[in-house]
Amino acid sequence: MKFHFCVFLEKKQRVDMYMSALFTEISRSYIQKMIDSGAVSVNGEKVKKNIKISSWDEILIEEIVTSVNLKAENIPLDIVFEDENIIVLNKQAWINVHPTPWIEGKSGTMVNALLYHCKNALPVISWEQRPGIVHRLDKDTSGAIMVAKNDAMMQYLSDTIKQRKLKKYYIAIVVWTITDKNFTIESEIGRDPHNRIKMTVHNPINPKHSITHGEVIGYIWESYTVVKIDLLTGRTHQIRVHLASIWFPIIGDSVYGDKDINHRVKNEFQLTRQALHAMQIEISLYGKQKIFFAPLKADMTNILESYHIILNSDG
């Protein structure tokens, strides 16, 4: 698959570092091999991996091959709903949604489990082998995720997401007390030019407009706030980045959170991952408005019930 795009940077940067920040699932060594093979051009010319690029330079990538041999694995799935066209799961934390060929994770993922459950009969999307997957959750985020079981449903779900007609609501526990009962965070989000595993709102690479709405559900002491999140756009790490950008990071978040606070909540709550859960999906399906509710996992449920914060399908 070809990629052709224009660069936006505050200062010059090596082309391999820039591409590594854009394509985070591809190792930097693999990107360097692509450049060395002549698959990457800058302003119409083949380049070396150490060449520095500037804003408005044009990059053409002739091809990225990302195939990986996927195998079916008998891994338990928490199924919320299933019919002949679609399956809705309540994803566990600590499991990747799909395998990646350049890092550990070619097995033991949700896709491996789905291939076993659906007897390998799942459609493939785009240039990556992500059978049936049209949206995703971070590894340590739990909750509702939809998977298409055939090409027609895959196309419908993809179109619905592009048209922003699929609604997703999350529950998060954040540090400190949010006093505004309703709040909206709006910014550009893109890859952090200084850290390829992070997204940022500060001078990002390839920025995209992002909107997150939050509603306060309750408080734990004066130290933490439970919020319901209405995700109006779907950027990588959007909720985590947006909440951290206004100084209310999600507890347990090892990338955007505070190390000392994360250590404290691990001892207080036995929480070993970010307290973020995709609670609900709303979508028009078969001509009717459907709501799929994914109950909180035990680690977050125990925290909320200990402080008498009760959630239901109405949020």
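Computed from the coordinates by the stated procedures, all read-outs in this text should not be read as laboratory data. This is a predicted model, so every value here is computed, not measured. Cβ atoms come from the backbone with ideal geometry, glycine included; neighbour counts cover every protein chain shown.
The separation of the range 274-311 from the range 246-265, counted between C-alpha centres, amounts to 22 Å. Counting only residues at least eight positions apart within a chain, or on another chain, the lysines with an alpha carbon under 17 Å from that of Lys181 are Lys228.
With a ≥ b ≥ c the root eigenvalues of the C-alpha gyration tensor of the range 192-315, is it rounded (a/c under 1.5), prolate (a/b larger than b/c) or oblate?
Numbers: a/c = 2.06, a/b = 1.04, b/c = 1.99.
It is oblate, given that a/c is not under 1.5 and a/b is not larger than b/c.
The fewest-to-most ranking of Thr179, Thr233 by surrounding Cβ atoms within 10 Å reads Thr179, Thr233.
Of all aspartates and glutamates in the structure, the ones whose alpha carbon falls short of 17 Å from that of Lys48, not counting any fewer than 8 places away in one chain, are Asp16, Asp36, Asp57, Glu58, Glu62, Glu63. For Lys149, the aspartates and glutamates whose Cα comes closer than 12 Å to its Cα, not counting residues fewer than 8 places off in the same chain, are Glu82, Asp83, Glu84.
Quote the relative contact order of the chain in percent (integer), defining contacts as alpha-carbon pairs under 8 Å separated by 6+ residues.
Working: 654 pairs, mean separation 47.6, N = 315.
Taking the mean separation of contacting Cα pairs over the length of the chain, I get 15 percent.
Ordered by the count of other Cβ atoms within 10 Å of each Cβ, fewest first, Phe3, Phe248 give Phe3, Phe248. Taking each residue as 0.36 nm, the span from Glu282 to Gln163 lengthens on full extension beyond its C-alpha to C-alpha distance by 41.5 nm.
In the structure shown, the pairs Lys139/Lys167; Lys12/Lys165; Lys71/Lys162 are assessed against 27 Å; a Cα-Cα span above that value is assigned to Lys12/Lys165; Lys71/Lys162.
Residue exposure proxy: His135, His209, His194, His277, ordered by other Cβ atoms within 10 angstrom of their Cβ from fewest to most, comes out as His209, His194, His135, His277.
For the chain, with only Lys/Arg (+1) and Asp/Glu (-1) charged at the beta-carbon, what is the dipole magnitude about the Cα centre, in debye rounded to 20? Please report the intermediate quantities before stating the final value.
Working: 38 positive and 35 negative charges, 135 e Å.
Dipole size: approximately 640 debye.
Subtracting the Cα-Cα distance of Ile79 and Glu45 from 0.36 nm times their residue separation leaves 7.2 nm of extension gain. Here the calculated FRET efficiency for Ser306 and Glu186, from their Cβ-Cβ distance with R0 = 45 Å, stands at 0.85, rounded to the nearest 0.05. Relative to the longest principal axis of the C-alpha atoms of the chain, give the angle of the C-alpha long axis of helix 151-162, reported between 0 and 90° and rounded to the nearest 10°. Once rounded, the angle reads 80 degrees.
Would you mind checking the tilt of helix 259-269 against the longest principal axis of the Cα atoms of the chain, expressed as 0 to 90 degrees and rounded to 10? Taking Cα atoms only, the helix is inclined about 30 degrees.
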